[in-house]
Amino acid sequence: MSVSFGLKASTPKRRAAAPLAAFTAVEDDENEAVLSEGQKQAESERLQSEGNVAADAEKYSSALQAWDKALRLTPARAVLHEQKAQVFLQLGRYWDAVQCATEAAALESGWADAFLTLGRAQLGLGEVC
């Protein structure tokens, strides 16, 4: 058996089975740019409801996807960040829960639910503040 470090005979190149998600998301971003603020808010609320239904059915991946789409439209909606934190708590992803709950608490500093969720997430990580 010999080892060769030279050029090998041409091998067939593999093709990706599907387009990368990073490039297909650009089309969604372009569509979002043409929506008015009112339309963005309405679509965000629709996506939030879609995510709520998915989360109630314990389809957490679908819920997170819907809420992420809603957050791209209306990033300052604290309730979406808090809902994501709740799902991350269900999944045992405490660091992600802390990140989302921190964002929710920062956006709505008077909202007790955001701070409650943040506390639960920190407790999951072992941080008792």
Quiz item: Can you tell me which residues in the range 44-95 are over 21 Å from Glu108 (Cβ atoms), part of a helix (DSSP H, G or I) and of a type in the set (Asp, Glu)?
Solution: Glu50, Asp56
Quiz item: Can you name the residue in the range 81-129 that is farther than 17 Å from Leu71 by Cα and of a type in the set (S, T, N, Q) and, of all such residues, is farthest from the chain's Cα centre (by Cα)?
Solution: Ser109
Exercise. Considering only the range 106-128, state which residues are hydrophobic (A, V, I, L, M, F, W, C) and either farther than 21 Å from Ala55 by Cα or open to solvent by 30 Å² or more (accessible area, probe 1.4 Å) (or both).
Key: Ala106, Leu107, Trp111, Ala112, Phe115, Leu116, Leu123, Leu125, Val128
Exercise. With the condition kept exactly as written, say whether any residue in the range 78-101 is hydroxyl-bearing (Ser, Thr, Tyr), open to solvent by less than 30 Å² (accessible area, probe 1.4 Å) and at pLDDT 95 or above.
Key: no
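The values are calculated or read from the model by the stated rules, or taken from the named source; none is laboratory data. The model shown is predicted, which means the values in this text are computed figures rather than measured ones. FYI the Cβ positions are ideal-geometry reconstructions off the backbone, even for glycines, and counts take in every protein chain you see. To get the accessible areas, we keep the full protein, side chains included, count just its heavy atoms, and leave off ligands, DNA and RNA. Shrake-Rupley method; radii C 1.70, N 1.55, O 1.52, S 1.80 Å.
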